[in-house]
Amino acid sequence: MADMTKLAIEMRHISKVFGEVVANDDVNLQVFPGEVHALLGENGAGKTTLMNMLSGIYTPDAGEILINGEKVTFHSPSDSIRLGIGMIHQHFKLVDVMTAKDNIVIGQKTSFFTKGKELSRKVRELSDRYGLDIDPDKKVYEMSVGEKQTLEIIKVLYRGANILILDEPTAVLTPQEIKKLFKVIRNMKEQGCAIVIITHKLNEVMEISDRVTVLRKGKSINTVVTKDVNIPKLIEMMVGQKVELSIEKKKYEDKRPILTVDGLTVKNDEGKDMLSDVSFTLNTHEILGVAGVVHSGQKELCESIAGLVKADKGRIFFEDENIVGKTPRDIIKLGIRMGFIPEDRLGMGLVAGMDIVHNMILKDYQNQPGIVLHRGPCTEQAQKIVDALDIMTPSIYTPVKKLSGGNIQKVLLGREIDSAPKVLITAYAVRGLDIGASYKIYDLLNEQKAKGVGVLFVGEDLDVLMELCDRIVVLCHGEVIGVVNPDEVTKEDIGLLMTGQKLEGNKTEEEGGEADAV
């Protein structure tokens, strides 16, 4: 139980500015020992910046921080660590070729002999105390994503942390791994740790947190007791107005196969299979989801269909034509469009220094007749996309590199949807977007489905995949483990498939068989 008589963390009137961007503006936060405190807000609300100040990465421009009632000033992360604060970042900071115990002591002033049996004993002691499960002698590259996260938690606990900050801790975990993590968090709470979770998953906020602080546009809006609020109220605090959020999933009878992947194998430069004998069929009037833990072959699948990566084996039929070996331009002319949203959004699809209009021209200049480029249609197209997707830009002539990540994403996906494709491939289409914009994208994808487009939707949020998609292909280590109907399986079923386990009973379609073609 939380000790409500004293505060583990108190942040008073914190402000932080980067150039013209106000990341935090007069923010207040209080966290008690033995409390799980969720920090909630849309992308760009200032959550991570606030926690980076608590962990010593940034220094506040104004305001003060108190730890266990004492005012502190952090000049570096080591100052924060010394006061018992540990931050577990979304992207793990581990050395793959080293063992768990070597990662735990790396960078610390310890005796050489601490790395032996004594260290293993201390690690097992911590594991038992908090219900963690890790083999001290296991190499990081042999670990699952969940094990790596467990190791990151043990790292900060070993350094004496009793205040933990978890940044999007469930983003890359299966449902089973999330359950294990929440059990660990509850154990740490029982031991008196103060835990702050930065997240955007509202269902998880309701399940694991005691209180919630909502940030909006850099300001702290309110702190509420979780059991006293509901999800619509939290969304209203995040967005600033009531928002009706729902994903409609219509069923269409007049489906037909439009894209068939048959025995697709793709190797990397070292000859390792990134995709191995992948088979499935995408139909018209269908959104086909692709689920899998990170690096399961999602990127290679999208890029091989789009002609950006060479297939080493197998065939990809667009209607009756095998497109393996065709150039990306040939594939675009057939009507296959890819809205692939990599982490580096400007690394693929858009030219950073060009404005929105010229990025439209760049995609379709080869389809214009004659040698003179006609900007008129592209100008109209750019304005139409900006209006339809509420893209925040000074004008359609602003270089895209000056837009926020979410707005860059809208430009890229809006351009692909506007091109009237027959097949649309979207990978992580809403990554970096706020709640309202995400649901706008889901509506647009459903509009494409209604028009008879086949949509391949690669996603990481299982709740969205199950709500939006007609069927889901589950990948594990580059192989199709199953194709499922989300109306007939649970999230836990998909989580098992993501880890390579087959489901009991007849819950999956035959890969590449007649059932797969619906």
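Laboratory data are not the source of any read-out in this text; all were calculated from the coordinates shown. Bear in mind that the values here come from a model prediction, so they are computed numbers and not experimental data. Positions of Cβ are generated from backbone atoms using ideal geometry, with glycine treated the same way; all protein chains shown enter the neighbour counts.
How large is the Rg to Rh ratio of segment 1-80 when both quantities use alpha carbon positions and Rh follows Kirkwood?
Details: Rg = 12.7 Å, Rh = 13.1 Å.
A ratio of 0.97.
Work out the length of the dipole vector of segment 119-264 about its Cα centre, built from +1 on the beta-carbon of each Lys and Arg and -1 on the beta-carbon of each Asp and Glu, and round it to the nearest 20 debye. Working shown, then result.
Working: 27 positive and 22 negative charges, 70 e Å.
So the magnitude is around 340 debye.
³J(HN,Hα) across segment 96-101 via Karplus (A = 6.51, B = -1.76, C = 1.60, θ = phi - 60°), whole Hz, x for Gly/Pro?
4, 7, 9, 6, 4, 5
Using just the helices of the chain, give the 222 nm mean residue ellipticity in deg cm²/dmol: DSSP H runs with n ≥ 4 each add -39,500 (n - 2.57), and the total is spread over all residues, rounded to 500. Write out the running numbers ahead of the final one.
Details: 16 runs with 163 residues, N = 518.
Taking each H run of at least 4 residues, the total per residue is -9500 deg cm²/dmol.
Divide the volume of the convex hull of the Cα atoms of segment 181-263 by its number of residues and quote the answer in cubic angstrom per residue.
Details: hull volume 18.2 nm³, N = 83.
Given the Cα convex hull of segment 181-263, per-residue volume reads 219 Å³.
Ordered by residue, what ³J(HN,Hα) values in Hz, to whole numbers, does segment 240-255 give under the Karplus form 6.51 cos²θ - 1.76 cosθ + 1.60, where θ = phi - 60° and Gly and Pro are x?
Rounded to whole hertz, the list is x, 7, 5, 10, 8, 10, 7, 10, 8, 10, 8, 9, 10, 8, 8, 7.
Going by how many other beta carbons lie within 10 Å of each one, how would you line up Lys155, Lys138, Lys6, fewest first?
On the way: Lys155 23, Lys138 14, Lys6 10.
By the 10 Å Cβ count, ascending, the order reads Lys6, Lys138, Lys155.
How high is the relative contact order of the chain, in percent, with contacts defined as C-alpha pairs under 8 Å that are six or more residues apart?
Values: 1032 pairs, mean separation 76.2, N = 518.
Once normalised by length, the contact order is 15 percent.
Going by C-beta contacts inside 10 Å, put Lys250, Lys410 in order with the fewest on the left.
Numbers: Lys250 9, Lys410 27.
Final ranking by Cβ density, sparse to dense: Lys250, Lys410.
Name the residue from Met51, Gly495, Ala388 whose Cα lies farthest towards the positive end of the charge dipole of the chain, charges +1 on Cβ of Lys and Arg and -1 on Cβ of Asp and Glu.
The residue sitting most towards the positive pole is Met51.
Suppose we keep just the alpha-carbon trace of segment 236-300; what are its Rg and Dmax in angstrom?
In Å, with Rg to one decimal and Dmax whole: 18.3, 52.
Write down the Å³ per residue value for the convex hull defined by the alpha carbon atoms of segment 392-489.
Values: hull volume 12.0 nm³, N = 98.
Per-residue hull volume (Cα only) is 122 Å³.
If packing is taken as the average count of other Cβ atoms within 10 Å, what order do 324-330, 7-13, 378-384 fall into, highest mean first? Don't jump to the answer; show the numbers that get you there.
Values: 324-330: 13.1, 7-13: 19.9, 378-384: 18.3.
In decreasing order of mean packing, 324-330, 7-13, 378-384 become 7-13, 378-384, 324-330.
Across the chain, how large is the tail of the calculated P(r) beyond 35 Å, expressed as a percent of all Cα pairs? Write out the running numbers ahead of the final one.
Working: 54974 of 133903 pairs.
Distances greater than 35 Å cover 41 percent of the Cα pairs.
Going highest first, how would you order 49-56, 415-422 by mean Cβ packing within 10 Å?
On the way: 49-56: 22.8, 415-422: 19.1.
The densest-packed peptide leads the list: 49-56, 415-422.
Given H placed 1.01 Å from N in the peptide plane, which residues other than close sequence neighbours of Thr284 have an amide H under 5 Å from its amide H?
Answer set, sorted by chain and number: Arg256, Ile258.
Using the per-residue mean of other Cβ atoms lying within 10 Å as a proxy for protection, in what order, highest first, do the peptides 182-195, 235-248 fall?
Details: 182-195: 18.4, 235-248: 13.6.
The densest-packed peptide leads the list: 182-195, 235-248.
Taking segment 9-239, how much of its Cα-Cα pair set, in percent, is spaced more than 33 angstrom apart? Don't skip to the answer; put the middle values down first.
Values: 4374 of 26565 pairs.
Within segment 9-239, distances greater than 33 Å cover 16 percent of Cα pairs.
Rounded to the nearest 20 debye, what is the charge dipole size of the chain about its Cα centre when +1 sits on each Lys and Arg Cβ and -1 on each Asp and Glu Cβ? Spell out each step's value before the answer.
Details: 65 positive and 76 negative charges, 281 e Å.
With only Lys, Arg, Asp and Glu charged at Cβ, the dipole is about 1360 debye.
Taking other Cβ within 10 Å of each residue's Cβ, how do Leu166, Leu468 sort, fewest first? It would help to have the intermediate numbers written out before the result.
On the way: Leu166 26, Leu468 23.
Exposure proxy ranking, most exposed first: Leu468, Leu166.
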